[in-house]
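For reference, the structure is listed below as structure tokens.
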Amino acid sequence: MTKIVQIITSLALACSSLLLQAEEIPLRPQHPDRHVVVKGDTLWDISAKFLKNPWQWPQIWQLNRSSIKDPHWIYPGDVIVLDTSSGQPVLKLVRESVTLEPGMIVTPIKGDAIPAIQPNIIQPFLTKPMLIAPEALKSAPRIVAAQEEREILSPGTRIYVQGLPDTPRNAWAIYREGEAIKNPENGELLGTEAHYLGEAKLLHAGQPATLTVTQAKEEIAVKDKLIAMEDSLSPPYLPHAPEGQIEGQIARVSEGINETGYGRVVVLNRGEAQGLERGHVLSVLRKGASMVDPESADPKHPVMIQLPDEPVGLVMVFKTFPKLSYALVMQASQPIHVEDVVRTP
């Protein structure tokens, strides 16, 4: 049997305007020449092995937009090779196959494609809708009664829900209205953070419908609201910079505190309406202070100096809403605060 190396070239040569822009792609010092993909790798981690700026991954792969949005092509066992022969760094995918006889090639069986980031951190934010439009919870289906008039609705308890649609889903999340999320720029109400309590499963449709509580993270009560759960996780995507200039602010840290750091989730005051999409990477900057010029000649009319914004980290958007987005902190040189600026890197 003869081993051959099959270079996958169909990923190269794209016409996207994003990739046509001349942009320097700095490599990380002492970067490897190749990397063998293993289970547990993420696209971000692999990119960071080669690049100073991991969000430049699509450029170094020469990918078009369809590949950015649906990268089902890197699996454990693949070998990623850095090619600098053209003067510009390019990554290529190498797969080792075995020829059994003329015309027959066997390629090792692959498992799941590697994700953009570790899914365990963001999974609760993907499967449970925790940011709700301002009026959505008010009109959501509500618990009107419980089995045997119970006050503590534990798993196994039947509940009766008014307002389920005529063709309801089977799985429902149970919520209570949480804190309002306001735009730090102007105080506009952008949404409501729904407080997750548990889950229920539909038994019989109707008005009211009959469901049974399947999970209870916290105490569930009559008047709590139900929201349909998503059937599955969002499809994969690649980390990449927005094509245009996007600027906003961090509106909220997921735990409701004022600062956070690496590996935590934040809420941005920008969403689909402003052009954000899953995979977008944004720089986080601490807004520079405004100070009096110490050389001001007139104390009554001092000259003000605006200090520059200071970069403090990177976030990557993983779920979007009309006016809001969830983003994961990918890098943080300092604590990241509510009202910090986010901007196209």
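The values are calculated or read from the model by the stated rules, or taken from the named source; none is laboratory data. Just so we're clear, the structure is a prediction, and the values are computed from it rather than from any experiment. Cβ placement follows ideal geometry from the backbone for every residue including glycine, while neighbour counts extend to all protein chains displayed. Accessible surface is based on the protein model in full, side chains and every heavy atom, while ligands, DNA and RNA are left aside. Shrake-Rupley method; radii C 1.70, N 1.55, O 1.52, S 1.80 Å.
Things worth noting here:
- Gyration tensor (Cα) of segment 112-221, equivalent ellipsoid semi-axes in angstrom: 27, 20, 14
- Each label point was placed 7 Å from the Cα along the Cα-to-Cβ direction; for residue 339 and residue 79 their separation is 5.4 nm.
- Treating r as the C-beta distance of residue 222 and residue 139 and R0 as 22 Å, the FRET efficiency rounds to 0.80.
- The slack in the chain from residue 36 to residue 182, taken as 0.36 nm per residue of separation less the alpha-carbon distance, amounts to 48.1 nm.
- Exceedance of the 24 Å cut-off in Cα-Cα distance is limited, within the set 225/319; 39/201; 201/323; 49/323, to 39/201; 201/323; 49/323.
- Note on residue 298 and residue 210: the extension gain reaches 24.2 nm, defined as 0.36 nm multiplied by sequence separation minus the Cα-Cα distance.
- Accessible area (Å², 1.4 Å probe, nearest 10) - residue 310: 100
- One way to sum up the overall shape of segment 120-166 is the equivalent ellipsoid from its Cα gyration tensor, whose semi-axes run 25, 17, 9 Å, largest first.
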